[in-house]
1. Select, from B:Pro124, B:Pro131, B:Pro109, the only residue that is out of contact with any Leu (no Cβ under 9 Å at 6 or more places or on another chain), under 21 Å from C:Ala58 (Cβ atoms) and facing chain C (nearest Cβ under 7 Å).
2. Out of curiosity, is C:Leu20 surrounded by fewer than 24 Cβ atoms within 10 Å (Cβ to Cβ) and at the interface with another protein chain (Cβ under 7 Å from one of its Cβ atoms)?
3. Hey, could you check segment D:144-196 for residues that are assigned to a loop (DSSP other than H, G, I, E, B) and within 23 Å of D:Asp208 (Cβ to Cβ) and say which is farthest from the other protein chains (Cβ to nearest Cβ)?
4. Looking at segment B:70-82, can you tell me whether even one residue there is in contact with a helix residue (DSSP H, G or I) (Cβ under 6 Å, 6 or more places away or on another chain) and under 28 Å from B:Leu144 (Cβ atoms)?
5. Suppose the filter is more than 23 Å from the chain's Cα centre (by Cα) and more than 7 Å from chain B (Cβ to nearest Cβ); does C:Ile100 pass it?
6. Could you list, in sequence order, the residues of segment D:69-110 that are facing another protein chain (nearest Cβ under 10 Å) and either charged (D, E, K, R) or surrounded by fewer than 24 Cβ atoms within 10 Å (Cβ to Cβ) (or both)?
7. Does B:Val271 qualify as being more than 9 Å from every other protein chain (Cβ to nearest Cβ), buried (at least 20 other Cβ atoms within 10 Å of the Cβ), at pLDDT 90 or above and over 22 Å from the mean Cα position of the chain (by Cα)?
8. Restricting to segment B:139-155, and then to whatever is touching a residue at least 24 places away in the same chain (Cβ under 8 Å) and among the small types (Gly, Ala, Ser), can you tell me which residue is farthest from the other protein chains (Cβ to nearest Cβ)?
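The values are calculated or read from the model by the stated rules, or taken from the named source; none is laboratory data. What you see is a predicted model; the values in this text were computed from it and never measured. Every residue, glycine among them, receives a Cβ derived from its backbone with ideal geometry; neighbour counts consider all protein chains shown.
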Amino acid sequence: MELTLDILSFVLMTTGGAFVLIGGIGALRLPNVYTRLHAASLTDTMASILIIAGIMLQAGFSLAAIKLLAILIFLLLTGPTASYAIANAALLSGLDPQCDGSTVGAADGDDESGEELRS
Amino acid sequence: MIEVVFGVFLLTLLVITAVAVVRTENLFVAVMLMSIFSLLMAANFFILDAADVALTEAAIGAGITTVIFLGALALTAQREKRSPNGRFATLGVISVLAALMIWATFDKPRLGDPDAPVHQHVAPWYLEQTPELMGIPNVVTAVLGSFRGYDTLGEVFVVFAACIGVLFVLSAGQGLDRGLFAPDPESEGLRHHLIPKVVGRLLVPFIVLFGLYVQFHGEYGPGGGFQAGAIIATGVILYALLEGEASALNALPRSVLLGMVVGGALLYTGVGVAGMLLGGNFLDYSVLMSDPVIGQQVGIVLIEAGVGITVCGSLLSIFHAFAAREAR
Amino acid sequence: MELLGYFNYWVFAIVFAIGLYAVIAKLNLIKKLLGLAIFQSAVFLMYITMDKVEGGTAPIIQKGIEGQLYSNPLPQVLILTAIVVGVSMTAMGLAIVVRIKEAYGTIEEDEILDSDHTA
Amino acid sequence: MSLSAQLPALQIVVPLLTAPLVVLLKPRGTAWAATTAASAMAFAIALAIAAGVLSGETYNYAMGSWPAPYGIALGIDAFGSLILLLVTGASTLALLGCRRSLDADIEQQRQPLFYAAWLLALAGLSGIAASADAFNIFVFMEISSLAGYIIVAGGPDRRALPAVFKYLIMGTIGATFYLIGVGLIYMMTGTLNLADMEARLGDVTNLDPVLVAAGFITIGLALKAAIFPLHVWLPNAYTYAPHAVTAFLAACGTKVALYVLLRFDFFVFQGNLAEHDIQFSLFLLPLALLGILIASSVALFETNLKRLLAFSSVAQVGYIMLGASLVTVTGLTAGILHMFNHALAKGGLFLAVAGLALAARGLELRQLGGIARQMPWTFGAFVIAALSLIGIPGTAGFVSKWYLIQATLDHGALGIVAVLVIIAGSLLAVAYVWRIVEAASFGEAAAQPDTGAISPSREAPTVLLAITWLVALLNVYFGVRPEAPVELSRMAAEILLAHLL
């Protein structure tokens, strides 16, 4: 039982770590603010869920686990809000969400969200 | 071992961030990097077993300082003009200074050395005597509130001075009642943005609640007046950002804030004077109650409240002084 | 390993030097204040480094645990004070910078000096 | 606890407790009245302490009743009580005299904030003088500097702002250097109490960090004390501050930093670092001599009255350091006595300047033409204080310079050079004072067509005039009967040197 929990928690934390890494690479490599934000918000959500879940398994049923849960809820609330605020600020300061053709996929997704924000 | 490696990693990041703050010409970026710098510093403090300091640095260094810097940036300039090159003389002198300091480190006690002089004298006494004399677990709070309460009193007055200083300097030429004191009624904050509004409204009460927890749990865990004051101030600042300056000032008018600053400082000094009147020395809490241990606890709770009130009031007054001023 | 025990002090010296350089060499007043904040933070690091004891924990005394080592509370108290002093100085400095901007229209030191000399 | 045992704490608590209350006093004049009352009370306490010290008492006080190395101790000896007298006296006289002048400089609504800051500066400076704890000195240094920035920023000229900014940057660097030095010593000894530090430093084997600490503390405090060449913040800060603030800070601001420097050095380092006295002299003596010569020469060519006097202050700090760097009883006595006498002279001069400024168009020397004829009484007091600054026999300035020359003559060839520098400095002082007198008495009765009708006599307000004359006459009084300050200075010097054995 101990062992299974340990393995499970390590798997969760490692995957979470991988998401942080991917998010970091994305934030460095993607072409503009909106796409980078998209990558960075990955760390806010997926990574933090996985890592905190992993630590909660380590903590077991204790006060620490409840505190971790509170932290997780807090992060899940604030992270996306912060991303929204940054994207909105970028839009207001006149950064065009349109991209040139070389990065079609990322640009398309962001274009839509940009339209939503405007309306 | 793993702690040391992690520490080295964080410290290296710290140096890189510091260099980036100095090198970037965009002041906005520099301020945000400074916030990251403070956060890294707080993480370092935590690794070094200084939970109270880490909490303070995160709340004040990374939080409030950044807000004040941003408030000032909005009134001044976003970019730095290119500094002239050829500052090699300065660089040289400072490098020599740094080398000298690194040289001096080799005779210092190593990190974590239990035989270091700092762990032999004074500090063990605090650790031994605090449970007996005060009956509270957090030794940092005991030292802060009672053993070195006079320093903390001084610190409260530093914050007080900063508050009246900012109000004094920024009220020049405008008069206290006009200009500085009248926020732009048009400023509506983020009221029309649904997501921040909903999330923010949800969070503000919890932030204030957490601040109160930190305030009153300071005897048992990390925390105390400074941290609590800063956290509650952040909550109110968030409210001001969401609902606009005007409604934040309606909720907590400037006169109330000034009253908090004055009242907290007076409460602290008053507790000290009470000790004097009851036959002890200044800031001697043992005489406040018949049982000296209870007296110490009451004294610490009171002065921590004074600290929290003053810090919260000062930081908010400073924030409003910057935020309500119009760029000219 | 022995040398890594001094790493914190080296970082202190380096960050200290970086901050001091910014204060002296930069002409922008806000940059000077940022340098000052870095410079002060370096000192905090030095003090907190002192308080660490190997195998110790934060100085919050847990009942019933004998022989627990605690880190030194005194430097922590001093630095709590110093952090608040730091933010007070920063706030005061920024207030003056705002007024300088209003009076001179610039926050670059050389331009301020020029405008006083020509006036 | 008797009242007299509580005096050291009351010295600081009275202004500290009044400061928040003053913020709330909106009606016209009440803030000033409360501030003056608190300041006068502090002065009375300082007088009581000085009287006690002269009769052989020393004041020790344990904050919170915690014993010394664990809690914070206050300790006031002869040196401390002299500084307390200077601080509280300067503050009280400047407040009493300069109400009109301050009303002219600072708008009514901002006055409560200004006076609260003034009280904090007073409390901070007294707190430094009374404290016996290295870190506590830092905290109160920050209170006094922060409050100092505020009151200097009250100056009406826009050039006050860059001056304050520079003052803030330099002051913070100085304080942080001091903090680093204290940290290094704490690291090697584990204590913050000055006396305890001294005792425990003797057991420290690796002295390199202590050496670095000595360097940092000396440089940091030298910045605060405006020792040449670290004085660059001082001239502009003094020039553009409100006149009352200049009178207050010029009389005691830098002296307090000097006091900490001397105390730290003699209490903590001199007895424990081999040959520290020689290094101390080697480092400070040339700077002191250069400071006297260069700052006086700059003053000679300065055209703004307040700037001129500010540079003269830098030179006077040189005299004080010269006395201290000799590391003898007579030298230190002379240095400490000069702190007191210079405070009297400079305080008097700046009070007179405050009076002159109410009538003159500006403080450039050419704008002062004929002012001596318009305000003969104010200018008379100015001249007496200036004579004391130069060191004319019969004034206080002469006494300390006489002691200084005696002390330097004990040092052979080097002493001759130092005496020559002192004489040269005094001659330069004669020259720059003469420039002021010349401009004021014989200068073109500055044509003032813009103001039109000028009454032939426009003296400063009576209260200010009375205070200025009081200080001017004190200069004469302590020149003729210097026993009390000399005695205090000698006691202070002996206390400092007792740690050398």
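1. Step by step, each of B:Pro124, B:Pro131, B:Pro109 is checked, and only B:Pro131 is out of contact with any Leu (no Cβ under 9 Å at 6 or more places or on another chain), under 21 Å from C:Ala58 (Cβ atoms) and facing chain C (nearest Cβ under 7 Å).
2. Answer is yes for this residue.
3. Among those residues, the one meeting the criterion is D:Leu192.
4. no
5. Criteria met by C:Ile100.
6. D:Pro69, D:Tyr70, D:Gly71, D:Ile106, D:Glu107, D:Gln108, D:Gln109, D:Arg110 - these are the residues of segment D:69-110 that are facing another protein chain (nearest Cβ under 10 Å) and either charged (D, E, K, R) or surrounded by fewer than 24 Cβ atoms within 10 Å (Cβ to Cβ) (or both).
7. So B:Val271 passes the test.
8. The selected residue is B:Gly145.
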